[in-house]
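Asks: Supplied in structure tokens, the structure appears directly below.
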DNA sequence: CGAGTATTTATACGCTTGCATAATTAGAGC
DNA sequence: GCTCTAATTATGCAAGCGTATAAATACTCG
């Protein structure tokens, strides 16, 4: 029984961009906290301080909202990693090192991000569109990495043949991804910065160059 | 209106173990094909050729079934990798190599497994019980790996201090996980065995030993 | 072969979900 | 300040969900 008829919710009209961003942010909150299953239209609307119907006004279907949210996560991580490069020194080896450190530290290496990422990855197998979106993101990341590797090798006066840099990019990408995973899942069992150090040491071994000094190999 | 009253489904009584296995297998099919969301009690029951009610007879709640399924996946991968060791030669370096190859080839490196794994990992953040289950699995895997590394180092007449082997285990675990991920997500853009080769080469570099020959380093 | 029981089916309930659509209202433009 | 429209709320629906529970049945043991 509803006493004194609830007054209709007051609202403000927001710009289209702002609303979309808010809805995506609310979606990510839901996914991170309670998994993909927790991201219901009603819960998302609640967090965005909006009624459920509005979601459909901006995203024809829930799946499209989810897809947009996934792209947002990937973009954010990519941007954060690239930002680290902007503020880095200009020695290629230092840049590669900074890139790795950025990916293996806050805010990228975070359980929150892993939850989001895993939830979406689980859909990749079932949804071809999302599969493509993911592959694009992966290849873009690896290409950026490969360029960094190439320059680092050249700076250390080592050959940088395409064959080799591709292989190195695959391996080093794996190191970064793998350590990122470990850190997200069980960050508390590692000392601060341990994973970044481990990653850099491993990468130095793979490339057979030092990323610290300005000298040559070893 | 239901014409000529459907005859009641005939059934056989199965052993408790068999039924549990069947239900878990059906669950995994669902998760792999349509994601965790696709694993509804009704769909699972359908695949197991059983009615939905029976699930509750063996698993008090759906979450318990999901948890059991997760453990089954991890166990299966662990067992498959260990099996590869049983059939391997007895030179420690060859054994480590075989272990890596097993993890980076069929049937472990498979989109099906990734879908399962990712779907579950997404829950880790929200469900402490599953988080613990995962951590146990991870540490067990890493310990097994660390033991292999230790013996490989000793066989190559290299020191194998705990500090170092731990670090190496972390790094090499990352290499395996990362390449496994890459392969599951985009196996078709790699040549056959390329990822396994890449992994072994990277591991050789990290440990500074050869995993092929019987000689010493390099 | 007959009785008893553990296993399985069948049915139903209460909730939540995504989506549709009608009613309302904030804010821009004249 | 009025009007018009696009943005937003409110309400409802049909489907699917997990779970509970009663009825039926296959198998075991004597």
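Asks: Residue A:211 - would you say it is part of a loop (DSSP other than H, G, I, E, B) and either in contact (Cβ under 8 Å) with a residue 12 or more places away in the chain or within 8 Å of chain B (Cβ to nearest Cβ) (or both)?
Replies: Details: part of a loop (DSSP other than H, G, I, E, B): yes; either in contact (Cβ under 8 Å) with a residue 12 or more places away in the chain or within 8 Å of chain B (Cβ to nearest Cβ) (or both): yes.
Considered against the rule, which asks whether it is part of a loop (DSSP other than H, G, I, E, B) and either in contact (Cβ under 8 Å) with a residue 12 or more places away in the chain or within 8 Å of chain B (Cβ to nearest Cβ) (or both), residue A:211 comes out as yes.
Asks: Also: May I ask you to list pairs of residues, at least six apart or on different chains, whose Cβ atoms are under 6 Å apart, with the first in the stretch B:28-41 being more than 7 Å from chain A (Cβ to nearest Cβ) and the second being within 14 Å of DNA strand C (Cβ to nearest atom) and not in a helix (DSSP H, G or I)?
Replies: Pairs found: none.
Asks: Looking at (1) within 14 Å of chain B (Cβ to nearest Cβ); (2) buried (at least 22 other Cβ atoms within 10 Å of the Cβ); (3) more than 16 Å from DNA strand C (Cβ to nearest atom), can you tell me which one residue A:123 breaks?
Replies: (3)
Asks: Moving on. Report yes if some residue within the stretch B:127-143 is farther than 30 Å from residue A:36 by Cα and either away from chain A (no Cβ under 11 Å) or buried (at least 19 other Cβ atoms within 10 Å of the Cβ) (or both); otherwise report no. Spell out how you get there, then give the answer.
Replies: Step one: of the stretch B:127-143, the residues farther than 30 Å from residue A:36 by Cα are B:143.
So of that shortlist, the ones also either away from chain A (no Cβ under 11 Å) or buried (at least 19 other Cβ atoms within 10 Å of the Cβ) (or both) come out as B:143.
Yes: one or more hits.
Asks: Can you find, within the stretch A:31-77, the residue that is farthest from residue A:120 (Cα to Cα) among those that are near DNA strand C (Cβ under 9 Å from one of its atoms) and assigned to a loop (DSSP other than H, G, I, E, B)?
Replies: A:51
Here is a yes/no grid of residues against (1) in a loop (DSSP other than H, G, I, E, B); (2) more than 8 Å from chain B (Cβ to nearest Cβ); (3) buried (at least 22 other Cβ atoms within 10 Å of the Cβ):
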position	(1), (2), (3)
A:158	yes, yes, no
A:164	no, yes, no
A:168	no, yes, yes
A:174	no, no, yes
A:187	no, yes, no
A:197	no, yes, no
A:203	no, yes, yes
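Asks: Would you mind telling me which numbered condition in (1) within 8 Å of DNA strand D (Cβ to nearest atom); (2) crowded, with 19+ Cβ neighbours inside 10 Å residue B:62 fails?
Replies: So the condition that residue B:62 fails would be (2).
Asks: Check residue A:200 against each of (1) over 15 Å from residue B:202 (Cα atoms); (2) within 21 Å of the chain's Cα centre (by Cα); (3) in contact (Cβ under 8 Å) with a residue 24 or more places away in the chain and name the one condition it does not meet.
Replies: (1)
Throughout, read-outs are computed from the coordinates displayed, never taken from laboratory work. The structure displayed is predicted, hence computed values, not measured ones. Note that we place each Cβ from the backbone using ideal geometry, even for glycine, and neighbour counts take in every protein chain shown.
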